[in-house]
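Worksheet for the structure shown next.
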Amino acid sequence: MGDGTTADSAAAGAGRPVTLTDVRLGAHDGFDRIVFEVAGEGSAGWQVGWVDEPRAQGSGAPVEVPGQAFLGITLTNVALPGDEEAGAVRWQGPERQGIADATVLEELVADTLFEGAYSFFAGTDRRRPFAVGTANSPQRIVVDVLAEDPATPAALTQRCESPAGFSLAYPQGWSANPGETVAACTRFAPDPFTVPPNTDARVGAVTARVEQAPFQQVAGPGPGDELSRRATTVGGRSAVRVERVSVGEGLWPAGVRATSYVVDLGGGAEAPRTLVVDTVGLPQFDYARNVGVLDRMVETLSFGDP
């Protein structure tokens, strides 16, 4: 799940609405966990973030939640009662849950299922870092609320320029490829590494590449299920941030998540160029940490002539 942050987390559901079948809590060393189990052929989405005042969906009425801070958790793409897929048994409470050995969680309060969105509020002593992720077999959305603040991320004290026409900073202590096998400053990792020749082996925790294709084509639908998409700008250029999960087609096995920034470098119809900077959740990588590194590195991007 990674260290977590206090930033909002959101992902879109996909396919047929799913049925919420179970909600349970767990106390662990250093964090408390909330698990939402769902059933169905589709996937649930979520919107998680701290709220100033818990209020019910639809009516806007106050919701009584113990604690000094309130983490709002809304599951999306949830089937309404009576619309469940065959064999799915809908969760029916309890409305309030707590655990005796909890470190930070005082109580989880269920609100309402309204227009396909099921909302909950977790009461804690203060706003703390949290992390949101998924698990499969069965499908689960997992929210961890951390007891301690995460370690301060390594400063982006190093910078390099790629011959492809961009430069960016990367964390202190990390390594970048020198350009012997592939273009310089296109592979970054926390440990020293070598890029093997004539292979697609993933050796960079964060990688950057320029594709000779139009931005709209590269930024369009790709292999796997799309979890989230956000339009943004990078260095004054149009860009999108996309998170996907593999379904077993292409390079990665099913269930592998990847976060990518796709940046329009222009070039016109005759010589279009698009920059892709990404990280992939393969077993050898700390995906949650690397997504945070990716987000910070992309903020430092600047562009020149290739």
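See the values below:
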read-out	value
Net charge of Cβ neighbours under 12 Å - reference Thr232; Lys, Arg +1; Asp, Glu -1	+1
Label point 7 Å beyond Cα of Asp8 along Cβ direction - residues of the range 215-231 with amide nitrogen under 14 Å	229-231
Most to least packed among 262-273, 291-302 [average Cβ atoms within 10 Å]	291-302, 262-273
Length-normalised contact order for the range 9-146 - Cα pairs under 8 Å, 6+ apart - percent	29 percent
Expected 222 nm ellipticity per residue - DSSP helices of 4 or more, -39500 (n - 2.57), all of the chain, to 500	-1500 deg cm²/dmol
Degrees, to the nearest 10: 287-299 long Cα axis against longest axis of the chain	60 degrees
Projected label distance in nm at Glu161 and Asp295, using a 7 Å step from Cα toward the beta-carbon	3.0 nm
Karplus (6.51, -1.76, 1.60) ³J(HN,Hα), θ = phi - 60°, over the range 120-132, in Hz, Gly and Pro reported as x	9, 10, 9, x, 9, 6, 7, 6, 10, x, 9, 9, 10
Kirkwood hydrodynamic radius over Cα pairs of the range 158-303, then Stokes diffusion coefficient at 4 °C and 1.567 mPa s, in µm²/s	83 µm²/s
Whole-Å distance, taken between Cα centres, linking the range 128-162 and the range 285-306	15 Å
Normalised contact order of the chain, rounded percent, pairs of Cα under 8 Å and 6 or more residues apart	15 percent
Entry for Kirkwood radius over Cα pairs in Å (calculated from the structure that is shown) out of (1) 21.1; (2) 21.7; (3) 19.9	(1)
The range 158-303, relative contact order [Cα under 8 Å, separation at least 6], %	22 percent
Distance between the range 19-93 and the range 227-264 - C-alpha centres, whole angstrom	26 Å
Residue exposure sequence - Asp191, Asp286 - by fewest surrounding Cβ within 10 Å	Asp191, Asp286
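Each value in this text was obtained by applying a stated rule to the coordinates, not by laboratory testing. Predicted model, so just to flag it, every value in this text is computed and none were measured. Backbone-built Cβ (ideal geometry, glycine too); neighbour counts: all protein chains shown.
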